[in-house]
Amino acid sequence: QVQFVESGGDLVQPGGSLRLSCTTSGNIRNFIAMGWYRQAPGIQRELVAVITTGGVINYADSVKGRFTISRDNGKNTVSLQMNSLKPEDTAVYYCNKSPPLPWGQGTQVTVST
């Protein structure tokens, strides 16, 4: 079973930046679309950024211009650079293929003073 391991979450002040990283036991070359998702308490998990093997990228409107997704097939990693963070970005962030396989543990991002 493919597993995803996320890291890089932290407590950061509004306006700050974080970089999340994801590795997987699978080979991401086999996953056409890789994405970052997030889930805040009481809210349905949402897809915030997705990148295909062909380099097509899409973002949720709420993160456009602030988040940047990238993938390195050679290193088997997917990253999410998050800038200008807002309190509403607070959530557990997960990486997964799109559509998703079973979820990993995620990494907590908290934006607060």
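Remarks
- Residue count for the range 9-38, restricted to those that are over 19 Å from K97 (Cα atoms) and part of a loop (DSSP other than H, G, I, E, B): 7
- Of all residues in the range 85-103, those that are assigned to a loop (DSSP other than H, G, I, E, B), surrounded by 15 or more Cβ atoms within 10 Å (Cβ to Cβ), at pLDDT 95 or above and not aliphatic (A, V, I, L, M) total 1.
- Residue selected from the range 47-84 under the condition without any contact (Cβ under 8 Å) to a residue 40 or more places away in the chain, touching a strand residue (DSSP E or B) at 6+ places or on another chain (Cβ under 6 Å) and open to solvent by 60 Å² or more (accessible area, probe 1.4 Å), by the criterion farthest from S98 (Cα to Cα): T68
- L11 modelled with pLDDT of 95 or more, open to solvent by 70 Å² or more (accessible area, probe 1.4 Å) and hydrophobic (A, V, I, L, M, F, W, C): yes
- Here V111 clears all of (1) open to solvent by 70 Å² or more (accessible area, probe 1.4 Å); (2) in contact (Cβ under 8 Å) with a residue 60 or more places away in the chain except the condition numbered (1).
- Matching residues, the range 55-75, being within 16 Å of R19 (Cα to Cα), part of a loop (DSSP other than H, G, I, E, B) and not charged (D, E, K, R): V63, G65
- Scanning the range 14-28 for residues that are open to solvent by 40 Å² or more (accessible area, probe 1.4 Å) and touching a Ser or Thr at 6+ places or on another chain (Cβ under 7 Å) yields P14, G15, R19, S21, T23.
The values are calculated or read from the model by the stated rules, or taken from the named source; none is laboratory data. The structure presented is a predicted model; accordingly, all values stated were derived computationally and were not measured. As a convention, Cβ positions derive from the backbone with ideal geometry for all residues, glycine included, and neighbour counts pool all protein chains shown. Only protein heavy atoms, including side chains, enter the accessible area calculation; ligands, DNA and RNA are left aside. Shrake-Rupley method; radii C 1.70, N 1.55, O 1.52, S 1.80 Å.
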